[in-house]
Structure formats: structure tokens, C-alpha cells
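*Asks:* Here you go, one structure.
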Amino acid sequence: MTKNHAITVRNLTLGDGSPKICVPITARNPEELREQLVKVREVPCDMAELRADYYDGDPIEELAALRGQMPDMPILFTFRTKEEGGEREISLEEYASLNRRAAGDATTAAAADFIDLEYNRGEGFLRELCRELQEKDVKVIASFHDFNQTPDPDTLVRLLCRMQELGADVTKAAVMPCNERDVLKLLQAAVEMKEKYADRPYIVMSMGRLGGVSRLAGTLTGSAVTFAAAAASSAPGQMDADLVAQVLSVLK
């Protein structure tokens, strides 16, 4: 069995055996951001995901505003492209530039703690941008999405291992089940990672209502984070954060 090395950011540790709850923020303007922050503060959560592709203005200004309101909570900055189920099209150059800005520099107080980079942007691109962001002391989550199907367990394991090799601090696979057996494929791949291959935290989920059980099974599968909704969900199948916290508490 490999050791799934934990990482700690602020006061949050990923990969210690207990799945953490991440709540997405999908505001399109400053008013919606204020409204969603009220709801985020009312639910049990460990980190917040800023879905920058929803925002109509400059996402970095949104990031700064969020950091000002939540100075101690770890923030995951995610610009999900249209191809990966997000809200906006963006060129590769713009995508790289935006994520570099989200990482900040020595003069930036409002930098993200984690930045999500899409595996499907290309391996060379991911490796290089990952290195750049890590030099700014940001943790990178490399993510793979398939909204049409669930690859077989061996393929999922290979993808997660490949993202480890490319240097990501955390790896993530989110796939769509077409039937019950697809959910079991995802769970099987996760347990195999836990037992044999993971040398850093990883996140897995089976999307949609059919895959809901995967969002509650992190204690079993080793998945380090589960995404749950406080206001609006950002992906198919996200459950209410209060409910997820209750179930995780019982399973723990």
C-alpha cells in the first residue's frame, strides 16, 4: 500500500482520511457574491471554490473580494472552460494568464490557495503551468472531467497516476455514470488508488443523481474532498452541504 501524503493549507489538511467539504461560489456579480457568502457562512464547510467562469467582471477582483470576506478559509480558484462543463469559452493563453494572476505574487494579498487546472488542456501545458503556480506557493489540483461516460477502472487509475507524474499536488477525476455499474467502476478505481498508487491526495466523484453515493464515500474510497452546495450547485449531483456534513459525521 502506498502512503497518501497529506498536504496542509492554512488550517486545512487534505489526505488525512477524512473527506473535506468544499462549497462552490457561482456569483455573476458583486451583489450575488454577497448573497452567496451569507449562505456559505451558514453551512458546514472546510473550503470554498470560486467558480470564476460564472463571473461577468474580472474574476481576480472577485477573488480579492472573497479573500477580504473570508481571510482564513482556503480558497480554490477554478475557471471551468466550456469544454469541461463550464460557463465560458477562453483561449489557452487567456486561461494561463488568468490562473497566473489568481496565484498572485509577493505584492498580492488576495491570492488563491488552490488552483484547478484542467488535464485536457494538454500534458505539456499542465506540467509547465503547474510548476509556475507552485513557485508562487499555490497548490495545484489537476482535474479530469468526462460528462458523457465513465471510463473503465484501469483507465481512471492511469489518468490519476499520470496527473501525479505531471506534478499536481492533488488529482481529481469527475465522470458521468450511465448506469449503476459505472458508479461501481469509479469506486473501484478510487479504492485501487488508495491501496496501490496514491502518493498525494486525490478527489473522485461520479456525477449526477445516480452517482450521489460517491460524494459521501470518501472515508471508504480515500477521496479527499467532496463538493456540496450552499447556494447554487456547480455540477450535476451536488448535494446540500448540511446533509453531506451529517452523513460524513455518521460514517466517520
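The values are calculated or read from the model by the stated rules, or taken from the named source; none is laboratory data. Owing to the predicted nature of the structure, the values given are computational and were not obtained by experimental measurement. Glycine also receives a Cβ, built like all others from the backbone with ideal geometry; neighbour counts cover every protein chain displayed. Side chains included, ligands, DNA and RNA excluded: accessible areas come from the protein's heavy atoms. Shrake-Rupley method; radii C 1.70, N 1.55, O 1.52, S 1.80 Å.
*Asks:* So what is the 222 nm mean residue ellipticity for the chain from helices alone, if each DSSP H run of at least 4 adds -39500 (n - 2.57) and you divide by all residues, rounding to the nearest 500 deg cm²/dmol?
*Replies:* -11000 deg cm²/dmol
*Asks:* I would also like to ask the following. Put Glu31, Glu62 in order of accessible area, largest first, 1.4 Å probe: what do you get?
*Replies:* In descending accessible area the options line up as Glu31, Glu62.
*Asks:* Would you mind counting up the charge near Ala228? Only other residues with Cβ under 11 Å from its Cβ, with Lys and Arg at +1 and Asp and Glu at -1.
*Replies:* Neighbourhood net charge equals -2.
*Asks:* Tell me, what is the 1.4 Å probe accessible area of Leu159, in Å² to the nearest 10?
*Replies:* 30
*Asks:* Tally up the carbon and sulfur contribution to the accessible surface of the chain as a whole percent, 1.4 Å probe, everything protein left in place.
*Replies:* Ligands and nucleic acids excluded, carbon and sulfur reach 49 percent.
*Asks:* For the chain, what is the relative contact order in percent, using Cα pairs closer than 8 Å and at least 6 residues apart in sequence?
*Replies:* 23
*Asks:* Moving on. Among bridges DSSP assigns within the chain, what percent are antiparallel (round to 5)?
*Replies:* Bridges in the chain are about 10 percent antiparallel.
*Asks:* Can you put Leu156, Leu243, Leu187 in order of accessible area, largest first, using a 1.4 Å probe?
*Replies:* Descending order: Leu243, Leu187, Leu156.
*Asks:* Averaged per residue, what accessible surface does region 36-132 expose to a 1.4 Å probe, in Å²?
*Replies:* 42
*Asks:* Accessible area per residue, 1.4 Å probe, Å², for region 141-237: what's the number?
*Replies:* 37
*Asks:* Of Thr226, Thr155, which has the most accessible area and how do the rest follow, probe 1.4 Å?
*Replies:* The ordering from most to least exposed comes out as Thr155, Thr226.
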